[in-house]
1. Sorting T29, T17 on the 10 Å Cβ count, fewest up front, what's the list?
2. Taking every pair of alpha-carbon atoms in the chain, what share in percent sits in each 10 Å bin, from 0 to the bin with the longest distance?
3. Could you give me the ³J(HN,Hα) list for the stretch 63-77, computed from phi with Karplus coefficients 6.51, -1.76, 1.60 and θ = phi - 60°, whole Hz, x at Gly and Pro?
4. Can you give the local net charge around R23? Use residues other than it whose beta-carbon is closer than 9 angstrom to its beta-carbon, Lys and Arg +1, Asp and Glu -1.
5. Which residue, L57, L81, L16, has the most motion in a Gaussian network model of the chain that connects Cα atoms within less than 10 Å?
Amino acid sequence: MQENPYEGLPFEVEKLTAELEIRKFRSETPTEEMKWHRDQEDRLVRKVSGDGWMLQLDDQLPVLLRANESHFIPALVWHRLVKMPEATDLVVHVHKRV
């Protein structure tokens, strides 16, 4: 049986291709589930919808996610999402650069 690599993570995922995913973060997800982590590949993240979310990279201040703006996350750089109290459900495209 194949293990689900997304099990236990604070989002739902729809894989479109090997490199492109749609991720949905629910506004009711507890803030403490937005953990610092790093990924093995470069990523380009673009917000599709949702308000009240920020992206924070290691040693940087959080930046507000805005519609149709892309954010580059280099491989192995620590990062996290920050959910503000007024947040709505967030949908992002994640393009993995392998």
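1. On the way: T29 16, T17 8.
Listed from fewest to most nearby Cβ atoms, that is T17, T29.
2. 16, 52, 30, 3, 0
3. Result, rounded to whole Hz: 10, 5, 7, 10, 4, 6, 8, 9, 10, 8, 10, x, 3, 6, 8.
4. Values: positive: K24; negative: E12, E14, E21.
Net charge around R23: -2.
5. Between L57, L81, L16, it is L16 that shows the largest mean-square fluctuation.
A short reminder: the numbers here are calculations on the coordinates, not readings from a lab. What you are looking at is a predicted structure, and each value in this text was computed from that prediction instead of being measured. Counting neighbours? That spans all protein chains shown, and the Cβs are built from the backbone with ideal geometry, glycine included.
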